[in-house]
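The values are calculated or read from the model by the stated rules, or taken from the named source; none is laboratory data. Everything quoted here is computed from the prediction, not taken from an experiment. Note that each Cβ is placed from the backbone with ideal geometry, even for glycine, and that neighbours are counted across all protein chains shown. The protein model used for the area step is the full one, side chains on, heavy atoms only, and it has no ligands, DNA or RNA in it. Shrake-Rupley method; radii C 1.70, N 1.55, O 1.52, S 1.80 Å.
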Amino acid sequence: MTISALPALSDIPEGVVPGLLRIENSDREATTPVILEMLRSVYPHDQIFGDYCPVQGYIDCPPRELYEYLSDTRSLEEWTYSLRGFTETGKPGLWESYDLLGPNTRIYTRTVANPDAMTVDYHCAWDQSDHLWMIYLMRVVDAQLVFDKPGSVVLWTNCHHPFYDRNPYQDTAPEGRKVWVGDFWEMFSAGHQLELDNLRAIAEYRASNGLPITPDWMK
């Protein structure tokens, strides 16, 4: 399987951003203990196992530039833990990639962005593109408004769609795959915090080194 021909993170030398966890440098087995430790020490039980998964954080980079980066679906190639190999489909705005959490698992993504509100919603689904039911709701807020300092605040929420508990599209799943995306729901809070930390590390490195937040290969 070819993961990607896109030069993701090619503007940043390997190993120069500390704490960056991506599947290339920390496989699922190695990362699971990290996530479990985060679950034990950071998040309350009812937040992890409830119907919502909210994470949020401050990122020291200009909010408009961060919004523009997130609104390009291909940014997920860089800051998410396991989404790789983005290619355009024949449908406008719809991208196909692999989620390396599952073997041979395709994930489809359509990004719905509002530049006025700086909201970026990723509509996704494993295995099929007809019903994009996994919705990742994100908003970039100008930190000057809420913290009286430059930078960005990112608010990110997921809702526990019933399909996380049961896969209604089993006929589209790759043969032999034993996991389902919903199997990871209890780890979403920690997993998404890990990815938000990745986003912060990448964006702050670029901002502090005079690099565009959106790299040249995405323009």
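How do the pairs read when you match residues in region 119-139 that are on the phi > 0 side of the Ramachandran plot with residues anywhere that are modelled with pLDDT of 95 or more and among the aliphatic types (A, V, I, L, M), using Cβ under 9 Å and keeping only pairs 6 or more apart or on different chains?
From region 119-139, the pairs are Asp127/Ile107; Asp127/Ala173.
Need pairs with beta-carbon distance below 9 Å; first residue touching a residue at least 60 places away in the same chain (Cβ under 8 Å) and within region 156-169, second of a type in the set (Gly, Ala, Ser); sequence gap 6+ or separate chains.
From residues that are touching a residue at least 60 places away in the same chain (Cβ under 8 Å), the pairs are Trp156/Gly57; His160/Gly50; His160/Gly182.
Within region 78-118, which residues are surrounded by fewer than 18 Cβ atoms within 10 Å (Cβ to Cβ) and β-branched (Val, Ile, Thr)?
Matches in region 78-118: Thr87, Thr89, Val112.
Considering Leu211, Leu137, Leu196, Leu155, which residue is open to solvent by less than 50 Å² (accessible area, probe 1.4 Å) and among the aliphatic types (A, V, I, L, M)?
Leu196
How do the pairs read when you match residues in region 208-219 that are touching a residue at least 24 places away in the same chain (Cβ under 8 Å) with residues anywhere that are among the β-branched types (Val, Ile, Thr), using Cβ under 9 Å and keeping only pairs 6 or more apart or on different chains?
Final answer for the pair search is Leu211/Ile12; Ile213/Ile202; Pro215/Ile12.
For Asp183, only one of the following conditions fails: (1) free of Cβ contacts under 8 Å to residues at least 12 places away in the same chain; (2) in contact with a strand residue (DSSP E or B) (Cβ under 9 Å, 6 or more places away or on another chain); (3) assigned to a helix (DSSP H, G or I). What is its number?
Only one criterion is unmet by Asp183, namely (2).
Given the structure, is Leu132 touching a helix residue (DSSP H, G or I) at 6+ places or on another chain (Cβ under 8 Å), at pLDDT 95 or above and not in a strand (DSSP E or B)?
Spelling it out, it is not the case that Leu132 is touching a helix residue (DSSP H, G or I) at 6+ places or on another chain (Cβ under 8 Å), at pLDDT 95 or above and not in a strand (DSSP E or B).
Could you list, ordered by first residue, the pairs with Cβ atoms under 6 Å in which the first is in region 61-86 and farther than 16 Å from Trp217 by Cα and modelled with pLDDT under 95 and the second is buried (at least 21 other Cβ atoms within 10 Å of the Cβ) and of a type outside the set (Asp, Glu), at least 6 apart or interchain?
Qualifying pairs under 6 Å: none.
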